[in-house]
Amino acid sequence: MSSRAPVWQGLRCEGIYTNVGSMGAEMITTQPVTISISKDMILARDVSHVRAVLDSFMPELVERNRNRVELEVFGYDDDPRELVLIKEVRRWYHEFFDNTPDLFLWMNFQAPLISFYAIMFGNPVRVAGGTTVRPEDFQRFLDWGFGALNGFCEGNGIRPDESNKHVLAAVQKET
């Protein structure tokens, strides 16, 4: 492990809200692939729909859909809490992480989405103006994600280079 400070040192996410899938088009160079997740799916911790969509990309559509997927959670518009603070949503995301070693291959991590996933992976910390993630949780998320991506790609004969670049660029934009 390097002794230099991680590139995400001091990361802070200002207010992640329920509809994180509605970012401005200027942030994305290609149209995202948006997968909808209903409140019923959240409550049942059912990740099978999302997994089925991701699995359908293999192997022919890998390059076309690499780092373009966004998840959009529905059913919480009337809930005043930030999505990252709702227990059943966090449980669903943990189930999703447990079943998605290819997360870093598919997910669009344009800001603020990388922070959203890191907060869901770790423990949210309330700060003035929003929610953030502790640096050690962010590092744990990156270690898990890169390790899982590289293992998945090796096992499936896919090069991880473009996804590695995408994730690192998103991390650098957050600092």
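The values are calculated or read from the model by the stated rules, or taken from the named source; none is laboratory data. These numbers were taken from a predicted model, which means no experiment stands behind them. A quick note on method: Cβ atoms are made from the backbone with ideal geometry, for glycine too, and the neighbour counts reach across all protein chains shown.
Does A118 fit the bill of being at pLDDT 95 or above, assigned to a helix (DSSP H, G or I) and either under 20 Å from K39 (Cβ atoms) or in contact with a strand residue (DSSP E or B) (Cβ under 6 Å, 6 or more places away or on another chain) (or both)? Give the steps one after another, and end with the answer.
On the way: at pLDDT 95 or above: yes; assigned to a helix (DSSP H, G or I): yes; either under 20 Å from K39 (Cβ atoms) or in contact with a strand residue (DSSP E or B) (Cβ under 6 Å, 6 or more places away or on another chain) (or both): yes.
Judged against the criteria, A118 is a match.
Given T100, T132, which one is surrounded by 20 or more Cβ atoms within 10 Å (Cβ to Cβ), in contact (Cβ under 8 Å) with a residue 24 or more places away in the chain, in contact with a Ser or Thr (Cβ under 8 Å, 6 or more places away or on another chain) and among the polar types (S, T, N, Q)? Let's see the steps before the verdict.
Values: T100 fails: in contact with a Ser or Thr (Cβ under 8 Å, 6 or more places away or on another chain).
From the options T100, T132, the qualifying one is T132.
Listed here are the residues, each with its yes/no results for (1) free of Cβ contacts under 8 Å to residues at least 12 places away in the same chain; (2) touching a Leu at 6+ places or on another chain (Cβ under 7 Å); (3) among the aliphatic types (A, V, I, L, M); (4) buried (at least 21 other Cβ atoms within 10 Å of the Cβ).
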{"site": "N108", "(1), (2), (3), (4)": "no, no, no, yes"}
{"site": "P112", "(1), (2), (3), (4)": "no, no, no, yes"}
{"site": "Y117", "(1), (2), (3), (4)": "no, no, no, yes"}
{"site": "V125", "(1), (2), (3), (4)": "yes, no, yes, no"}
{"site": "A148", "(1), (2), (3), (4)": "no, yes, yes, no"}
{"site": "G151", "(1), (2), (3), (4)": "no, no, no, no"}
{"site": "N156", "(1), (2), (3), (4)": "no, no, no, no"}
{"site": "R159", "(1), (2), (3), (4)": "yes, no, no, no"}
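Looking only at helices (runs of 4 or more DSSP H) that lie completely in region 22-110, which have at least 1 residues being closer than 19 Å to P124 by Cα? Step through it out loud before you land on a result.
On the way: elements: 39-44, 48-56, 62-65, 87-98, 103-106.
Qualifying helices (runs of 4 or more DSSP H): 39-44, 87-98.
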Where residues in region 45-82 are more than 15 Å from I35 (Cβ to Cβ) and aliphatic (A, V, I, L, M), which of them is surrounded by the fewest Cβ atoms within 10 Å (Cβ to Cβ)?
-> M58
